[in-house]
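The values are calculated or read from the model by the stated rules, or taken from the named source; none is laboratory data. What you see is a predicted model; the values in this text were computed from it and never measured. Cβ sites come from the backbone with ideal geometry, for glycine too, and all protein chains shown count toward neighbours.
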Amino acid sequence: MRVIIECYGASARWCGSDLITLDLSVGATGNDALDALAALYPDFAARRDSVAIATGDAITSPTLPLDDGDVIALIPPVSAG
Amino acid sequence: MSAIKSLPRLRNGALNLADWLVEAQPADAGALAVFAGTVRNEHLGNAVSGMSYHAHRGLAEARLREIEAAAEARFKVHVLVAHAVGVLAIGEISVVVVIRGGHRAEAFEACRWTIDTIKQAVPIWKEEHYVDGAVRFLEGVPIQPVESL
């Protein structure tokens, strides 16, 4: 299945793009998507554990399974204010 | 609900503090506490020329409103917050917290909690522009749920 990754903040620099398409096995979870990104992008791998993921307008658990066509957002450490 | 309360809390460009102070003070309030964050010209010894604020707009808007509601419930005060996105110059206002409450103690406490929570729970990212032309995202902290703070 195919999912779309939106890279926010510094994660776009770590991955070299603000939009990435990943091909994953059926039943893959958010964690599987993060693992796949870590395998592709060393700068992301170094920071993987500090990154949350969001779907729609909410943070979501990385243990939940994804569906084909899902769009998930990478939320790196925040610095509002 | 006042007109200002219906506006998006995430705004394009620098904030004008006066815009966020137009609500009438409630008759039972004896305190008005205001915090405004501004762009500083130095960070860790590096000369800064400006700041870009990036956001996950939908989640940031939801989190700012969630923080308002949580602060109102926790401190029994009226709360209004706003945050800028886009490119800001030195001295411009990036974030505003307005607290109206019965007494100064809860107003100050609510103001401190609200800005501290915004910094940890809202998906906004500062990208500093340096005088030497370099650009860098600040390190930040892993995003936290509002209810944990």
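Go over the candidates A:D23, A:D18, A:D70, A:D57 one by one and state the one that is farther than 13 Å from B:P123 by Cα, surrounded by fewer than 21 Cβ atoms within 10 Å (Cβ to Cβ) and within 13 Å of chain B (Cβ to nearest Cβ).
A:D18
Any idea which of (1) surrounded by fewer than 22 Cβ atoms within 10 Å (Cβ to Cβ); (2) at pLDDT 95 or above; (3) assigned to a loop (DSSP other than H, G, I, E, B) is the one B:E139 doesn't satisfy?
(2)
Which condition number does B:E128 fail, the rest of (1) in a strand (DSSP E or B); (2) under 15 Å from the mean Cα position of the chain (by Cα); (3) within 14 Å of another protein chain (Cβ to nearest Cβ) being met?
Here B:E128 meets the rest and fails (2).
Looking at region B:36-64, which of the residues that are away from chain A (no Cβ under 11 Å), of a type in the set (A, V, I, L, M, F, W, C) and assigned to a strand (DSSP E or B) is surrounded by the fewest Cβ atoms within 10 Å (Cβ to Cβ)?
B:A47
Looking at region B:111-141 only, could you name the residues that are touching a His at 6+ places or on another chain (Cβ under 9 Å) and either without any contact (Cβ under 8 Å) to a residue 24 or more places away in the chain or hydrophobic (A, V, I, L, M, F, W, C) (or both)?
Selection gives B:I118, B:V122, B:I124, B:W125, B:V135, B:R136, B:F137, B:L138.
Got a sec? Which of B:V96, B:V79 is more than 12 Å from chain A (Cβ to nearest Cβ) and assigned to a strand (DSSP E or B)?
Sole residue among the options that is more than 12 Å from chain A (Cβ to nearest Cβ) and assigned to a strand (DSSP E or B): B:V79.
Testing B:E147 on (1) at pLDDT below 95; (2) facing chain A (nearest Cβ under 10 Å), one condition comes back false. Which one is that?
(2)
If only one of A:G81, A:G69, A:G27 is farther than 27 Å from B:R136 by Cβ, in a loop (DSSP other than H, G, I, E, B) and free of Cβ contacts under 8 Å to residues at least 40 places away in the same chain, which one is it?
Among A:G81, A:G69, A:G27, only A:G27 is farther than 27 Å from B:R136 by Cβ, in a loop (DSSP other than H, G, I, E, B) and free of Cβ contacts under 8 Å to residues at least 40 places away in the same chain.
Is region B:12-34 home to any residue that is under 20 Å from B:K119 (Cα atoms), among the β-branched types (V, I, T) and in contact (Cβ under 8 Å) with a residue 40 or more places away in the chain?
Yes, the conditions are met somewhere in region B:12-34.
What about A:V51, is it more than 14 Å from chain B (Cβ to nearest Cβ) and either over 16 Å from B:F137 (Cβ atoms) or not polar (S, T, N, Q) (or both)?
no
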